[in-house]
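I have placed the structure first, in the form of structure tokens, so that the comments after it can refer back to it.
The values are calculated or read from the model by the stated rules, or taken from the named source; none is laboratory data. Everything numeric in this text was worked out from a predicted model, so none of it was measured. All Cβ positions, even for glycine, are placed from backbone atoms using ideal geometry, and neighbour counts span all protein chains on display.
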Amino acid sequence: MKKLVENIANFKLIENAVAEENNDSSDLTIQAIVAHSNVKNSNGFTLVDDALVFNREFYPFLFNHTDTDLLGKTKTHFDNKLNAYVSDISVYGDRQEIIRAINEGVYDSVSISYYLDEYSFDEDDDIIVTKATMKEISLVSVGADDEAKLISNELEQEKKAHVLAKNRLKEIKKNYE
């Protein structure tokens, strides 16, 4: 019995350590439009209105839909005004190469993955999704929805201003050499 209590105590300590690790202040938090409703994507799928079902609050944020390449977590919801699914994404701080690539604009596209529950076919044999279960969001080079992108924010504007200032400084320096 004593050994069981020790094991339980150790498990709780590990669980708490993991929880603290995931709240790293160096995480990158961004938003993305991950899919548009009532628009056919390049795979021939159309999500009808608010077709996605969410079974939990957070889902994996992966790299290229690879289950073994976890970048962070995402919380996704349907935005009626945008007629699109929007994700609040947190890229874990230990994925600095991904954070750097996002900040430098190397990656700006995302892709949503879901399980089909209810669907039909249109006259072109494309799939009309009326109900699907959310699976994950991925950072990709090119997504099926051309407009599924990371949303620019104040940090992006600040970065552009910094790059412009740096380029201007190089020009000024060049004139004096």
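Part of a strand (DSSP E or B), within 19 Å of N38 (Cβ to Cβ) and over 15 Å from the mean Cα position of the chain (by Cα), is that true of E118?
Judged against the criteria, E118 is a match.
Could you tell me whether segment 153-175 includes any residue that is of a type outside the set (V, I, T), part of a strand (DSSP E or B) and either surrounded by 12 or more Cβ atoms within 10 Å (Cβ to Cβ) or at pLDDT 90 or above (or both)?
no
Only residues that are surrounded by 14 or more Cβ atoms within 10 Å (Cβ to Cβ) and polar (S, T, N, Q): list them for segment 93-124, please.
N103, S109, S111, S113
Return yes when S90 is surrounded by 19 or more Cβ atoms within 10 Å (Cβ to Cβ), closer than 18 Å to D145 by Cα and of a type in the set (G, A, S) and no when it is not.
No; evaluated as a whole, the condition is false for this residue.
Just to be sure I understand, how many residues within segment 99-124 are free of Cβ contacts under 8 Å to residues at least 60 places away in the same chain and under 14 Å from D69 (Cβ atoms)?
Here the count works out to 3.
In segment 34-61, what count of residues is obtained for those that are at pLDDT 90 or above and touching a Ser or Thr at 6+ places or on another chain (Cβ under 8 Å)?
The number of residues fulfilling the criteria is 15.
Which condition number in (1) in contact (Cβ under 8 Å) with a residue 40 or more places away in the chain; (2) over 12 Å from I137 (Cα atoms) is the one that R56 fails?
Tallying (1) in contact (Cβ under 8 Å) with a residue 40 or more places away in the chain; (2) over 12 Å from I137 (Cα atoms), R56 fails exactly one: (1).
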